[in-house]
Amino acid sequence: MRPFNFNTEKLIAIAIEEDIGTGDITTNSIIPSDATLTGQFIAREEGMVCGLGVVKRIFEIIDPLVEFTPKIQDGMHVVPQQVLADICGPARAILTGERVSLNFLQHLSGIATKTARIIESVSGTGIRILDTRKTIPGLRWLEKYAVRTGGGLNHRMNLSDGIMIKNNHIKAAGSITLAMEQARLNAPPTLKIEVEVESMEQVQEAINAGADIIMLDNMDLVTMRQAVKKINGRALIEASGNMINKNLSDVAKTGVDMISIGGLTHSVKALDISLRISQQ
């Protein structure tokens, strides 16, 4: 998965316009138009970097004369005071692009770091870690790129990617059985059908209806183990629901195939990264 598509190009342009407005009054007031600067993007804490290509694109848009040279690649582990990239060129452009570039770099690196740490916590279990659609509006493509950078997998990119029958669908349709009957009747036959369940009774109904994937929502470990035993390989099993606050190694040992975690994207802590300008 690459970080750029048409939507991310628009997003970057919007972010630049949002931050700069009609112009950087502070920088333009005190920095001569012909001044140049050199600097370095520095990690202030340990983590995994993601978003260097986005930063490069930001400065290409602000001023093509800015030279942004990464010293590492997305997905690499860094330690405090490690140099991530060098930058040089027109001073006004570098200072003007500082905040918007760091906003992207810190946020995406935070997601990659969180994902990598969770992957490490379940190392050896064979469990797959997935993201969700709980993303910041407009940032989904980049946030899911960051999850992949950290070693996780992407769930649906949007509602057209697959059939997931959730609790409110079940209530609206009348039952899991009725919802699945309509899905098989009206949706493309090549799509897998995933069903969210909250009880052992719903697990059995989803099995009987022929669900391809069964999501165990907010179940405790004992109930998860019971569900895995009942499903007995007849469907893939996904555990979900406040997983960020659970011992994921214990969840993995229940026998589920996947764990989906909204907290990878919707409430992640940014990685501390700064732009250090060289003394002129």
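A few remarks follow.
- Charge tally around L236: other residues with Cβ under 10 Å, Lys/Arg +1 each, Asp/Glu -1 each, net -1.
- Segment 1-80 and segment 91-165: distance between their alpha carbon centers, rounded to Å: 18
- Convex hull (Cα only) mean projected area of the chain, reported in nm² to one decimal: 16.8
- Along its principal axes, segment 140-199 has C-alpha extents of 39, 27, 15 angstrom, given from the largest down.
- Carbon and sulfur %, accessible surface of segment 193-280 computed with the full protein complex present, 1.4 Å: 44
- Using only alpha-carbon positions in segment 201-280, the gyration tensor eigenvalues give semi-axes of 39, 12, 10 Å once each is multiplied by 5 and square-rooted (largest first).
- Paired Rg and Dmax values of segment 15-62, which use every Cα atom, in angstrom: 13.9, 37
- Among 167-177, 248-258, 141-151, sorting by the average number of other beta carbon atoms lying within 10 angstrom of each residue, highest first, gives 141-151, 248-258, 167-177.
- The residues packed around G47, meaning those with a beta-carbon under 11 Å from its beta-carbon, carry a net charge of +1 if Lys and Arg are +1 and Asp and Glu are -1.
- Overall dimensions of segment 163-239 by Cα: Rg and Dmax, Å: 11.6, 36
- Accessible solvent surface per residue of the chain, calculated while the other protein chains remain in place, 1.4 angstrom probe, Å²: 50
- Helical content of the chain, expressed as a calculated mean residue ellipticity at 222 nm, amounts to -13000 deg cm²/dmol (DSSP H runs of 4 or more residues, -39,500 (n - 2.57) each, divided by residue number, nearest 500).
- Whole-percent carbon and sulfur share, accessible surface of segment 5-161, 1.4 Å: 52
- Burial order of peptide ranges 206-216, 7-17, 49-59 (average beta-carbon count within 10 Å, highest first): 49-59, 206-216, 7-17
- Normalised per residue, the volume of the convex hull around the Cα set of segment 70-119 (Å³): 80
- Using only side-chain charges placed at the Cβ, +1 for Lys and Arg and -1 for Asp and Glu, the dipole size of the chain relative to its Cα centre rounds to 620 debye.
- Dimensions in Å of segment 1-146 - Rg and Dmax from alpha carbons: 16.6, 58
- 28 Å tail of the calculated P(r), segment 84-230, as % of Cα pairs: 39
The values are calculated or read from the model by the stated rules, or taken from the named source; none is laboratory data. None of the values given here were measured: they were computed from a predicted structure. Positions of Cβ are generated from backbone atoms using ideal geometry, with glycine treated the same way; all protein chains shown enter the neighbour counts. Just the protein is used for accessible areas: all its heavy atoms, side chains included, with ligands, DNA and RNA removed. Shrake-Rupley method; radii C 1.70, N 1.55, O 1.52, S 1.80 Å.
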